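Below is a structure I'd like to ask you about.
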Amino acid sequence: MRFILLLLIAAFVVMPLSNVEAQKAKTIDELAKQFDSSQCKSCHAEIYAQWEKSHHARPLMGVKGGLMLTPLALKKGQPGSTAFSEDDPKKMKISNFPCFKCHLPQAVNHAEDSVAVELAEALIAKDSAKVAKLQITCIVCHNEKAIIHKRELGAPEKGVIYGKKDVPGHAGGAVKKSAIMNDSVFCGQCHGLGPNLEFDQGFQCANLYGSYLHNYIPNGGTKTCQNCHMEKGDHLIAPNFNDDKQTSELYAKALALDVETLGYEWLRKAGTLVPKIVVGTKLTSNAGHRIPDG
Amino acid sequence: MVVTASYKDKDGKAVESKQERHYHPQATNCRDTKMKYGAQWKIANIRDTSIQPMQPKKETFEFDLPEGVRSADVTIDVVYEAVNPDNKYPIHSVTKKVSLDK
């Protein structure tokens, strides 16, 4: 009985993973289905619940319900439009959304341009429900982004989940070790070096990984992104800017403030004492990157 | 970071004096000198005042008080702003009374 149950779970989970295949998605629903990870919830409920509250679960929604890609979808020349905009949303292509590089990596190789058109129209219509279907799901990190040594190790295998170690007999399909899942470079794939100059119109988003490499590491830092942001495997990967209290607490923990004050009377010219207050502040960061970024 | 010195002048009127420091990377599109906000507009940082790891950020704020004023309350607020200045996440708020008397 238990064996049959395991087989059923395996079939249930492996099937969606198998959908990540050569045929590209033509619609938002098709792309969402290809990378749907909801099956992971049945065994990894706590991790899934953490992820559901994370920015990875709403990568196109910005902070507090915004639709951050809207400027790209606007008609070219319209106030607020960008160099990536077209004069008709129906002309939008995947290449018009360079933000997909990180905000929806699966779209780069697995979506037809029709998905870009549908997204542009949804953004203009402020159709948050449709835009929200596009997520950085479990499969995106644990398959699509799990291998960076493709010339040596090959591309991520269809239907395989990549993790910190091999997990023989995993009910939801084969789990193989990713060489980088524990390393900062894994996060650095998206959380940025600085300018993205590989596009025909350069742009700059996150600099976090650049700051980590060029300030934290040279100063002797040894922690990884995961050490601090995924403590005990937390898949919220804070901050969650929709949670004001938690965000404030996180920054207070990262930034220590020391204050010193002095009151005295300043003398520049004989007989003209000026009452003066001097406030000295020192902010010390224990983060592994600049604050803020972006 | 906002540092506010509050005191009462010789007429008993409450006075506030503020000074601010802004810590963040600042980028342009490299075609003009206007700072841009939003990844789709920016190309590269031209200035970076953000708080870097292992590099404490020290500041000195000076407030000249009117003649006869002998003390002030000083409040230091450290706030994170995301997306726009109205979306604030308070980090620290410290108030100290500073006197010119021994």
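The values are calculated or read from the model by the stated rules, or taken from the named source; none is laboratory data. Note that the coordinates shown come from a computational prediction; the quantities given were computed from them, not determined experimentally. Glycine also receives a Cβ, built like all others from the backbone with ideal geometry; neighbour counts cover every protein chain displayed.
Pull up segment A:161-172, narrow it to residues that are surrounded by fewer than 20 Cβ atoms within 10 Å (Cβ to Cβ) and not charged (D, E, K, R), then point me to the one that is modelled with the lowest pLDDT.
Filtering segment A:161-172 for residues that are surrounded by fewer than 20 Cβ atoms within 10 Å (Cβ to Cβ) and not charged (D, E, K, R), the one modelled with the lowest pLDDT comes out as A:A171.
If you don't mind, another one. Quick one: in segment B:69-85, which of the residues that are more than 8 Å from chain A (Cβ to nearest Cβ) and modelled with pLDDT under 95 is farthest from A:I277 (Cα to Cα)?
My answer is B:N84.
Starting from segment A:126-139, take each residue that is on the phi > 0 side of the Ramachandran plot and surrounded by fewer than 23 Cβ atoms within 10 Å (Cβ to Cβ) and list its partners that are among the hydroxyl-bearing types (S, T, Y) and not in a loop (DSSP other than H, G, I, E, B), counting only C-beta distances under 9 angstrom and pairs at least six apart or across chains.
A:K126/A:T70
Something else about it: Any residue at all in segment A:41-53 that is part of a loop (DSSP other than H, G, I, E, B) and either crowded, with 20+ Cβ neighbours inside 10 Å or not assigned by TED's automatic domain parsing to the domain that holds A:A107 (or both)?
no
Now, a different point. Working carefully through the options A:K176, A:K158, A:K165, find the one that is touching a strand residue (DSSP E or B) at 6+ places or on another chain (Cβ under 7 Å), part of a loop (DSSP other than H, G, I, E, B) and more than 12 Å from chain B (Cβ to nearest Cβ).
One residue alone meets the criteria, A:K165.
Additional query: Just checking, does segment A:219-234 include any residue being closer than 28 Å to B:H22 by Cβ, touching a Cys at 6+ places or on another chain (Cβ under 7 Å) and more than 9 Å from chain B (Cβ to nearest Cβ)?
yes
When both residues are 6+ apart or on different chains and their Cβ atoms are under 8 Å apart, which pairs have a first residue that lies in segment A:85-109 and is acidic (D, E), and a second that is surrounded by fewer than 22 Cβ atoms within 10 Å (Cβ to Cβ)?
If the second residue must be surrounded by fewer than 22 Cβ atoms within 10 Å (Cβ to Cβ), the pairs left are A:E86/A:K75; A:E86/A:K76; A:D87/A:K75; A:D87/A:K76; A:D87/A:G77; A:D88/A:K75.
Looking at segment A:230-275, which of its residues are under 27 Å from B:N84 (Cα atoms) and among the acidic types (D, E)?
A:D243, A:D244, A:E249, A:D258
Give the number of residues within segment A:207-223 that are in contact (Cβ under 8 Å) with a residue 24 or more places away in the chain, in a loop (DSSP other than H, G, I, E, B) and surrounded by fewer than 19 Cβ atoms within 10 Å (Cβ to Cβ).
Looking only at that region, the number is 2.
Related question: For segment A:258-280, indicate whether the set of residues that are touching a residue at least 24 places away in the same chain (Cβ under 8 Å) and either crowded, with 20+ Cβ neighbours inside 10 Å or touching a Cys at 6+ places or on another chain (Cβ under 7 Å) (or both) is non-empty.
no
Out of curiosity, is A:I148 at negative phi, surrounded by fewer than 17 Cβ atoms within 10 Å (Cβ to Cβ) and of a type in the set (A, V, I, L, M)?
It is true that A:I148 is at negative phi, surrounded by fewer than 17 Cβ atoms within 10 Å (Cβ to Cβ) and of a type in the set (A, V, I, L, M).
Only residues in segment B:56-79 that are small (G, A, S) count as the first member; pair them with residues that are at pLDDT below 95, Cβ under 7 angstrom, at least 6 apart or cross-chain, and list the lot.
So the pair list comes out as B:G68/B:K10.
Can you pull out the residues in segment A:82-103 that are closer than 24 Å to A:I147 by Cβ and either hydroxyl-bearing (S, T, Y) or within 14 Å of chain B (Cβ to nearest Cβ) (or both)?
Within segment A:82-103, A:S95, A:F97, A:P98, A:C99, A:F100, A:K101, A:C102, A:H103 meet the criteria.
Next question, about the same structure. Looking only at segment A:235-279, count every residue that is in a strand (DSSP E or B), more than 7 Å from chain B (Cβ to nearest Cβ) and under 30 Å from A:A49 (Cα atoms) and tell me the total.
0
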